[in-house]
Each structure stands twice: as C-alpha cells, then as structure tokens.
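The values are calculated or read from the model by the stated rules, or taken from the named source; none is laboratory data. All of these numbers come straight from a predicted model, not from anything done at the bench. Neighbour counts run over all protein chains shown; Cβ positions are idealised from the backbone, glycine included. Just so you know, the surface numbers come from the protein's heavy atoms only, side chains and all, with ligands and any DNA or RNA stripped out. Shrake-Rupley method; radii C 1.70, N 1.55, O 1.52, S 1.80 Å.
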Amino acid sequence: MRALALYRTVLRGTRHIDDPVTRAETRSFARAEFERHRGVTDINHIRYLLSTGKTEWEAMERYIGGM
C-alpha cells in the first residue's frame with residue numbers, strides 16, 4: 001500500500017465517526033503523522049511506517065465499527 005492510498009483510506013474511514021469533533025481530531029492526527037514523516041526517504045523505513053500505520057488504522061476501524 002502506498003502512502004497516498006493509506007491516507008485516503010483513513011480519510012474515508014473517518015466518515016463513519018459520528019461525533020464531528022472526534023472525526024476532525026482523527027483527521028488532524030492522521031495529517032500530522034503523515035506530515036511528520038514527509039521527509040523520510042529510506043525505503044525500508046517507509047515500508048515500516050506504512051505497515052505500522054495500516055495496522056493501527058485497522059485496529060481503529062474495529063473500534064469505530066463498535067461505536
């Protein structure tokens with residue numbers, strides 16, 4: 001999964017958060033994380049970040065689905 005694809009997945013997933021404040025905070029957090037790692041150029045580090053981000057988002061989706 002590419003970074004842009006993961007970012008779009010997260011943004012689409014936040015649509016399911018009913019509380020507008022929580023939705024905005026989640027989107028803001030995701031954007032900040034992507035911005036924080038913008039300058040990473042090492043392919044292994046990028047793969048690690050994408051893998052970790054995907055795993056964290058999947059866990060969050062399960063939580064959101066249970067709300």
Quick one: angle between helix 3-13 and the longest Cα principal axis of the chain, in degrees between 0 and 90, rounded to 10, please. 0 degrees
Residue 28 paired with residue 42, simple spin-label distance in nm, labels 7 Å along Cα-to-beta-carbon: 3.1 nm
Report the far tail of the P(r) of the chain, meaning the percent of Cα-Cα pairs longer than 20 Å. 27 percent
Suppose all protein chains stay in the model; what accessible area per residue would a 1.4 Å probe give for the chain, in Å²? 78 Å²
Can you give me the distance in nm between label points at residue 12 and residue 61, each placed 7 Å from the Cα along the Cα-to-Cβ direction? 0.9 nm
Stretched fully, the stretch from residue 1 through residue 52 gains (0.36 nm per residue minus C-alpha distance, one decimal, in nm) 17.2 nm
